[in-house]
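Report on one structure; see the data block that follows.
Nothing in this text is a laboratory measurement; each read-out follows from the coordinates by a stated rule. Computed from a prediction, not measured in an experiment: that's the story for all the values here. Neighbour counts run over all protein chains shown; Cβ positions are idealised from the backbone, glycine included.
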Amino acid sequence: MKILLFVFPVMLAPNFLFAQSQQDCNKLKEENAYLRASLKINEPIKVVNSDKIEFKLLKAEGNAKSQSITFTFVLLTSAANWEIEQRIKSIIDIDGNEYELKSKTIGAKSYGDIVLNTDVPIKCTFTFGGVLPAVKLIKLFKFEYYYPGQTRFAEFRDISIDWK
């Protein structure tokens with residue numbers, strides 16, 4: 001009887017160790033997936049280059065409760081320091097419906113020109129109101145901007161909306 005009591009726990013030990021290592025492996029896989037997802041946070045959806053300015057569209061996120069869509073951009077210039085005046089007015093969905101700009105942020109402020117410092121990114125957000133969650137695709141976001149003497153555009157087309 002004493003031999004059986006000694007052999008039984010020894011026989012269970014490998015199964016317990018295997019189950020424990022399997023749990024550790026699954027936990028490690030979950031952490032790895034989280035880290036991979038976190039690296040994609042600032043990965044752009046689309047990038048457009050115009051006049052030595054890189055326009056990176058990072059997010060196009062819909063808010064079902066407020067019926068709005070917010071686009072998050074990062075602008076970066078390789079040119080000498082300068083300012084541009086943004087003239088964004090609206091977006092157009094796949095059905096031809098147009099939605100007006102509701103609010104914006106340019107760095108830490110909600111007004112004024114976009115100050116572009118050489119090789120320093122600046123984040124901008126643009127929120128458009130009156131958009132229902134049924135809108136899954138924005139056909140055109142025209143990033144209109146002006147600098148002395150010229151009105152220019154950086155166009156973003158066929159943007160999928162991530163509704164929250």
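Using r as the Cβ-Cβ distance of Val115 and Asp95, and R0 as 41 Å, what FRET efficiency do you calculate, to the nearest 0.05?
Computed FRET efficiency for Val115 and Asp95 comes out at 0.65.
Straight-line cross-link reach from Lys164 at under 16 Å between alpha-carbon atoms covers these aspartates and glutamates, not counting any fewer than eight positions away in the same chain: Glu61.
With neighbours defined as other Cβ atoms within 10 Å of a residue's Cβ, the residues Phe73, Phe153 order from fewest to most as Phe153, Phe73. Cross-link check: pairs Lys65/Lys104; Lys52/Lys136; Lys27/Lys56; Lys102/Lys139 evaluated at a Cα-Cα cut-off of 24 Å; pairs beyond the cut-off: Lys52/Lys136; Lys27/Lys56.
Potential lengthening of the chain between Tyr146 and Val47 amounts to 33.7 nm, from the contour at 0.36 nm per residue minus the alpha-carbon distance. In this calculation the C-beta distance from Glu54 to Leu137 is compared with R0 = 30 Å, giving a FRET efficiency of 0.80. Taking amide hydrogens as placed 1.01 Å from N in the peptide plane, the amide H of Thr77 sits under 5 Å from those of Glu54, Asp119, Val120, each at least 5 positions away in sequence or on another chain. If R0 is 30 Å, the Cβ-Cβ spacing of Asn81 and Glu155 corresponds to a FRET efficiency of close to 0.75.
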